[in-house]
1. Do you know which residues across the stretch 149-194 are within 16 Å of the ligand (Cβ to nearest atom), of a type in the set (S, T, N, Q) and more than 18 Å from the chain's Cα centre (by Cα)?
2. Could you list all residues from the stretch 2-31 that are among the hydroxyl-bearing types (Ser, Thr, Tyr) and more than 22 Å from the chain's Cα centre (by Cα)?
3. Condition test on residue 115, is it in contact (Cβ under 8 Å) with a residue 60 or more places away in the chain and surrounded by 16 or more Cβ atoms within 10 Å (Cβ to Cβ)?
4. Residues that are modelled with pLDDT of 95 or more and within 30 Å of residue 127 (Cβ to Cβ), at least 3 per element: which strands (runs of 3 or more DSSP E) completely within the stretch 1-67 meet that?
5. Test residue 200 against the stated conditions and say whether it is open to solvent by 50 Å² or more (accessible area, probe 1.4 Å), in contact with a helix residue (DSSP H, G or I) (Cβ under 9 Å, 6 or more places away or on another chain) and within 15 Å of the ligand (Cβ to nearest atom).
6. Is there a residue being more than 30 Å from residue 290 (Cα to Cα), among the polar types (S, T, N, Q) and in the same structural domain as residue 302 (by TED's automatic domain parsing) anywhere in the stretch 212-224?
7. Suppose we keep only residues that are under 20 Å from the mean Cα position of the chain (by Cα), of a type outside the set (A, V, I, L, M) and more than 15 Å from residue 92 (Cα to Cα) within the stretch 51-67. Which one would you say is most open to solvent (accessible area, probe 1.4 Å)?
8. Go over the candidates 91, 102, 70 one by one and state the one that is touching a helix residue (DSSP H, G or I) at 6+ places or on another chain (Cβ under 7 Å) and surrounded by fewer than 20 Cβ atoms within 10 Å (Cβ to Cβ).
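The values are calculated or read from the model by the stated rules, or taken from the named source; none is laboratory data. Keep in mind it's a predicted model, so treat the numbers as computed, not measured. When we count neighbours, we look across all protein chains shown, and the Cβ atoms used for this are built from the backbone with ideal geometry, even at glycine. Ligands, DNA and RNA are excluded from the accessible area calculation, which covers all protein heavy atoms including side chains. Shrake-Rupley method; radii C 1.70, N 1.55, O 1.52, S 1.80 Å.
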Amino acid sequence: MNGVTILSTGTALPKRCVTNDELSKTVDTSDEWIRQRSGIGCRYMCGENENTYTMAIEAGRKAIEKAGINKEDIALVAITTSSSDYLFPMNASMVQAGLGLNEEIMSFDLTAACSGLIYAIELARGYLTMNNKKYALIIGSEHLTRITDYTDRSTCILFGDAGGAIIVGLNEGAAYANKQWTRGNFDVLWCAGASGNGQKIHMDGKEVFKFAVGAMDQGIREALEASGQTLDDVKYIICHQANLRIIDHVKKRYKGYEDKFFSNIERYANTSTASIPIVLEELFDKGELNKGDKIILVGFGAGLVWGSAFIEL
Ligand code: COA
């Protein structure tokens, strides 16, 4: 069976960074409350001429440049997002044009909330394997502040805007697993689409919190089991960055392995599908991740959906 490797990453951030103190000027909250309940210190917010598409293009372009590949060899482009600029055309077709990618390409948008990137990795692996192709470009791009309700203080403090891209290629013989779950639910986390009614994020924070801890724990355990690997083999467990307290609760279940969990939510808040590529980029840039390292990616989100991937880079 083929595994996959991540050849490169690229990220894109809006120009404006909003600290908790700045947010507290318009929302009844405080830096202390936000940090204590979520670990978040600031978030980026799109301004004029910044949106899901512009961040996707920037992140994608950087990932292609860093990978040093011929973009003719990109056979699939997937944009994972819950905050599309348009219902159609899909972001992936606009990104194909914007980056000058092949017309002979599998392109699609994928909405699986914050698990989208993990789902897309598995689809890319299957497609590249079946069609004997080289690379896939997967981009998580989110303009979440556009659908955030700033009159709901328990929700609005959590979200930020960003784009994050990865180039995925096949890795023959490498350890690999990818697990996905879905439990349809309209109540705890939702945002209307074309129905137009309630186009803001609605969330029952406590329910999401409980679900998230169990889902991430299951994702990690089953990724290990399916790949036949142990925690000792793993360099980093990279969780979707939704809330530092959620990650801390998961960590408690992995005594002795706490240092394998990494978080940078303090600087970006919850950027949904962009959050895992942003962590990956930071770890690659610091030299913390290298060829041959084994990692677990784990995400959860509205749907409810959750998923995990075991990857040997
Ligand atoms: N600033 C100050 N006080 C706030 C506040 C804010 N931003 N938001 C809520 N509060 C208050 C509430 O009004 C409540 O006050 P009360 O006790 O006087 O009624 C109190 O703080 C506790 O609120 P509660 O909603 O119970 O807080 P919580 O501990 O559950 O934390 C979340 C709220 C949203 C931070 C937390 O539930 C969470 O992170 N859930 C997961 C959400 C998530 O990850 N979503 C994305 C999934 S991809």
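1. 151, 154, 155, 185
2. Restricting attention to the stretch 2-31, the residues satisfying the condition of being among the hydroxyl-bearing types (Ser, Thr, Tyr) are 5, 8-9, 11, 19, 24, 26, 29-30.
Across the stretch 2-31, the qualifying residues are 24, 26, 29, 30.
3. Numbers: in contact (Cβ under 8 Å) with a residue 60 or more places away in the chain: yes; surrounded by 16 or more Cβ atoms within 10 Å (Cβ to Cβ): yes.
Taking the combined requirement at face value, the residue satisfies it.
4. 2-12
5. On the way: open to solvent by 50 Å² or more (accessible area, probe 1.4 Å): yes; in contact with a helix residue (DSSP H, G or I) (Cβ under 9 Å, 6 or more places away or on another chain): yes; within 15 Å of the ligand (Cβ to nearest atom): yes.
Criteria met by residue 200.
6. no
7. Step one: filter the stretch 51-67 for residues under 20 Å from the mean Cα position of the chain (by Cα), giving 51-64, 66-67.
Keeping just the survivors that are of a type outside the set (A, V, I, L, M) gives 51-54, 58, 60-62, 66.
If we keep only those that are more than 15 Å from residue 92 (Cα to Cα) as well, we get 62, 66.
Details: 62: 70, 66: 106 Å².
My answer is 66.
8. From the options 91, 102, 70, the qualifying one is 102.
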